[in-house]
Amino acid sequence: MLRNSQTSWGWPSKILHWVGALAILILLVHGWWMVHMAPRPERFANYTWHAAIGYDLLALLVLRLLWRWMNPVPAMPVGLKRWEVIAAHAGHIGLYVLMFAASLTGWALAGTFKSPMRLDLFGLPIPQITSAGDRTLHNFLEESHTIASYLLAALIVVHIAGSLRHHFFKRNDVMRRMWFGSAGGTKDAGQPAGVTTHSAPAKSIGS
């Protein structure tokens, strides 16, 4: 299935989700390693590689947001408490805000080095949005990028915990319908016959 429906995610949404998730995991782990563990003479090469992936992640995020905007968002399961619905919406909005915050501060930071990082992972030139050699701006952006990244990592842990809670404790299909091969639209465990899920807004990024 190409497009999302009210009960399941289409395969483009799944690909964008899992490729983005993998890129973010690589960036978070590599970012911590290159700052705390990488030998100092090798750090700039690592920064360059890190920035290259970050540029492509930002493009992927824009594409993902546009695709989500043009497609319906699968409805949340019935029977959730109001606080659970609010938490789910707030969590997804928070993820988008922090993903863009980390990506944009990283892009700006990459331009402040004496030798700006101008290429993405495929060798495509990336325009710089800051001036090279500005140490004050560099320090500010470095701190901002670090904070955004740590907050993103923390929220991802919460997101994963919430998904596992839906799967193992709530026993609904929130997590299952994001997997490949899932038909989606399965009835929630314990859901009375004839009860349907409520439709979600088609263009909400917080669903």
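The values are calculated or read from the model by the stated rules, or taken from the named source; none is laboratory data. Bear in mind that the values here come from a model prediction, so they are computed numbers and not experimental data. So basically every Cβ, Gly included, is an ideal-geometry build from the backbone, and we count neighbours across all protein chains shown.
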Practice item. Considering only residues that are part of a helix (DSSP H, G or I) and of a type in the set (Gly, Ala, Ser), look in region 1-40 and name the one that is modelled with the lowest pLDDT. Key: 13
Check your understanding: Can you find even one residue in region 69-76 that is at pLDDT below 95, surrounded by fewer than 14 Cβ atoms within 10 Å (Cβ to Cβ) and either of a type outside the set (Phe, Trp, Tyr) or closer than 21 Å to residue 111 by Cβ (or both)?
Key -> yes
Revision key, fill the gap. Expected output for region 1-27 (first residue in contact (Cβ under 8 Å) with a residue 24 or more places away in the chain, partner surrounded by fewer than 16 Cβ atoms within 10 Å (Cβ to Cβ) and of a type in the set (S, T, N, Q), Cβ below 6 Å, 6+ apart or cross-chain) is 6/199
Review point. Restricted to region 110-123, and to residues that are of a type outside the set (Gly, Ala, Ser) and free of Cβ contacts under 8 Å to residues at least 40 places away in the same chain, which residue is farthest from residue 158 (Cα to Cα)?
Key: 114
Check your understanding: All but one of (1) in contact (Cβ under 8 Å) with a residue 40 or more places away in the chain; (2) surrounded by fewer than 20 Cβ atoms within 10 Å (Cβ to Cβ); (3) closer than 19 Å to residue 23 by Cα hold for residue 54; which doesn't?
Key -> (2)
Check your understanding: Can we say residue 83 is at pLDDT below 95, of a type in the set (Phe, Trp, Tyr) and within 18 Å of residue 20 (Cα to Cα)?
Key -> no
**Study point:** Residues of region 147-172 classified as among the hydroxyl-bearing types (Ser, Thr, Tyr) and closer than 20 Å to residue 59 by Cα, total
**Key:** 1
**Study point:** Residue check, residue 105 part of a helix (DSSP H, G or I) and among the polar types (S, T, N, Q)
**Key:** yes
**Study point:** Selection within region 88-99 - surrounded by 15 or more Cβ atoms within 10 Å (Cβ to Cβ) and either aliphatic (A, V, I, L, M) or on the phi > 0 side of the Ramachandran plot (or both)
**Key:** 88, 95, 97, 98, 99
Practice item. Just give me the residues in region 134-180 being β-branched (Val, Ile, Thr) and under 21 Å from residue 7 (Cβ atoms), in sequence order. Key: 174
Practice item. State which residue pairs qualify: first residue farther than 17 Å from residue 90 by Cβ and inside region 152-178, second residue assigned to a helix (DSSP H, G or I) and not basic (Lys, Arg) in any location, beta carbons under 6 Å apart, and separation of 6 or more residues or different chains. Key: 153/28; 172/166; 175/163; 175/166; 175/167
Study note, to complete from the structure: Looking across region 99-140 at residues that are of a type in the set (Ser, Thr, Tyr) and under 23 Å from the mean Cα position of the chain (by Cα), the single one that is nearest to residue 65 (Cα to Cα) is 103
Point to revise | Unique residue being part of a helix (DSSP H, G or I), in contact (Cβ under 8 Å) with a residue 40 or more places away in the chain and of a type outside the set (Asp, Glu) when the list is 83, 67 | key: 67
